[in-house]
Structure formats: structure tokens, C-alpha cells
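Novice: Have a look at the structure that comes next, please.
Laboratory data are not the source of any read-out in this text; all were calculated from the coordinates shown. All values reported here derive from a predicted model rather than from experimental measurement. We place every Cβ from the backbone using ideal geometry, glycine too, and count neighbours over all the protein chains shown.
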Amino acid sequence: MKKYVDTYAYRIYAAHIVVWRRQLYFCSSFMGFRIPQLIKSTVMVPTPFQCLKVETLRNRFRVYKYNVMMNRNILFILLLCLCFCSCQKKYRYVEIVNERDILSGETSRKEKEPELIEASDDSVAYCAAYQKFCIAQKVARDMKKSGMDLGEEPLEFKLLDEQNVNIANKNIFVSKDKIEEEISERIFSLENSVKNTGSIKKTQKSFSVDKSKVDELLKDFVRNRDEFDGSGLVWYTPKHAPKHVDRNGIYLYFGKDDNSIKPLRLRVQYYADEWLFISNVIFNIDGKVFRFIPTKVERDSGNGGMIWEWIDEPIQDESDKELIYALVNAKSAKMKFNGSQYYKIKAISNAQLTSMRKTLELFNALGGNF
């Protein structure tokens, strides 16, 4: 009777083995794998003489079932990993530069070799591309300020998706302008990593203005309180400064709130009937040359075909501070607006130089440190 029970149990076990082998073979075929060795190594079918107890056979069957389920889980995880890796999209970043010929000095637009960007969607890819562009602008700016101009000036960039469509100028997300501003501020706030070997020594002058002179200096300034700023921000602007953007001009101004004084700012305005697309401004101050490379140039048009371009930036870089020191101590100065193809030269009047000198005096008198 015992032998009969053991033989019967073995037959039941063998039948289950056949069923599970078929299921495992079907699973492996569906997943694209062939695993006959897995089946052989997973199951060891005992002989009738080894089936001493029905419970032993059941335990071995449970072990076999567990092993099959584990291998199925591993195959499923591998499939998920392959699907996840394939979700990354590929983009091409193409930088467009204004290249200057060393011999002739002529400039021409050129597209550099594309760079690969992998990202999950268009917005992430655009942020990575815009950061690359800001870094290229920062490097070019630092090289020029250090007297090592490479002859390439980044103008714009393309971001091509997998369908070769340029998405750089598309409105990809709502807060695009704000994110661009945050990225550019973070990149351009970094210090100049290029050592300036040809730097002109600044002729710094001590502006130790007594507080009693503040009232006298304020007569030449207009104070505008920002009613939408809760810190009591007041802007100090010279009276001679243009009231509107459609005027030529250059001046310094700054802001001060209840807690601190804001950085000194330089504003330069160009007004004409033809576009220049200004990229930088070169100053000739008492025979010495200074180059100012803005991070951003604003543009607009109107008034019967007239155009205006303007620069409005804080003075924080050491080389830019040298420019301001030279201007406030200058006897004569002029500036050259360099555009994409043409340039214009404008003289800086004595009244403008005097106004900048007074602005710096007032800035220091109100607690600034320049």
C-alpha cells in the first residue's frame, strides 16, 4: 500500500512538472528569450524510489514553483529597464557664432558642430541648451576682457528634436522668460576665470563725500519710489538722463531701500533709423581702450521707422569697475557701438561725464562701496 501511494504521488508530481514546464516555455517565448537550460537546472525530477513520502514531493514542487516565479519576475524587471532607457529623447544643440576672419577682419555667421543632448522632454532639453549658450557667452566675454579674443561671438542657438524641428524659438513652457533670466544670472554672476594679463590699472580716486553734501548732490537727481516694493525702494537717476528709451544717452543710476543700497547700474541707449544689433561697446577714454560686453541688449522700434537699442546692467565685474573709474575721471571719451555687421561712434559729452561722477559720489555718500 505504501509503494502504491508513493507511485501515485510521483505521477501527480510529474504531471505538475509538465504543466509548469509548458507555462515557463510560453513565458520565455513571449518575452523573446529561450531558456531550456533554465528549465533543466531548475527542476530535478526524482525517481519513484526517491519518493518516500508525499510531503517530500509536495515540498520539491513548491520549490520549483517558487524558482519559476522568481525567474519570471527577473525577466519582467529587465523588460521594464529596457523600456525606461528608451524614454530618453535625443536633441541636437547647434550654436551660431559671428566668426571674424583673422586676415581680412570680416565677420560671417557660422554654425558650429552639433552637440548631443539627452532629455526626457522639450522643456528639460531647452534648459540644458540655454545653459550651454550662456556658458559660451560668458567664456567669450571673459576672454575678450582679458585681451584674448578668439574671434568667435555666440549669437544664438538651435535646438533640433528627433524630427529635425528647431524648438528653440517655440513657447515650450509658460515661465520660459523667468527661467532664462535665472539661468543667465547664475552663469554671468560667476567670476572671471581667465586671468587678465593686459589689464589697465585703474585710476581709482577717493570719493570720501561728507554726509552734509548729500542734500547738495540730490539737487541734480530725480528720486522715484517704487510703490510696488515693500522695502521702500527708491531709484536715484540724474536729471539729465533721457526720460524715454527713444533717445541717445549714457548715465549711471542706482536704487536704495530701507535695508541696503543696490549695485550701481550703467545704462546706454542708442537711437537711429537703422538697426545695429549691438553686441558690445568699446570705449576710448583719454586714449585708453575699454571693452564692455553686455549680457543682454533690449530692442524696439516705432516713431515712423526709427529704432532703439539699450543696455541696462549692474556693475559688479572688476573689469567693468575699471571702466567706470576711467569714465568718472575722464577728460574726453567716446564710444563705439559694434553691431552684427556695422558700427556707430558716439561722443560722450562733458555734461554726461560730470553726471556720472556725481552719481558715483552720491552712491558712496549714501552708503555704497564702489
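Novice: Just add up the charged neighbours of Asp246: K/R +1, D/E -1, any other residue whose Cβ is under 11 Å from the Cβ of Asp246.
Specialist: It works out to a net charge of 0.
Novice: Contour minus end-to-end for Gln341 and Thr354, with contour as 0.36 nm per residue of separation and end-to-end as the Cα-Cα distance?
Specialist: Going from the current span to full extension adds 1.4 nm.
Novice: Given labels modelled 7 Å from the Cα in the Cβ direction, how far is it in nm from Asp177 to Val139?
Specialist: 3.0 nm
Novice: Could you give the length gained by full extension between Leu218 and Glu113, i.e. 0.36 nm per residue of separation minus their alpha carbon distance, to one decimal place?
Specialist: 32.4 nm
Novice: What ranking, highest mean first, results for peptides 126-132, 250-256, 350-356 when packing means the other Cβ atoms within 10 Å averaged over each residue?
Specialist: 250-256, 126-132, 350-356
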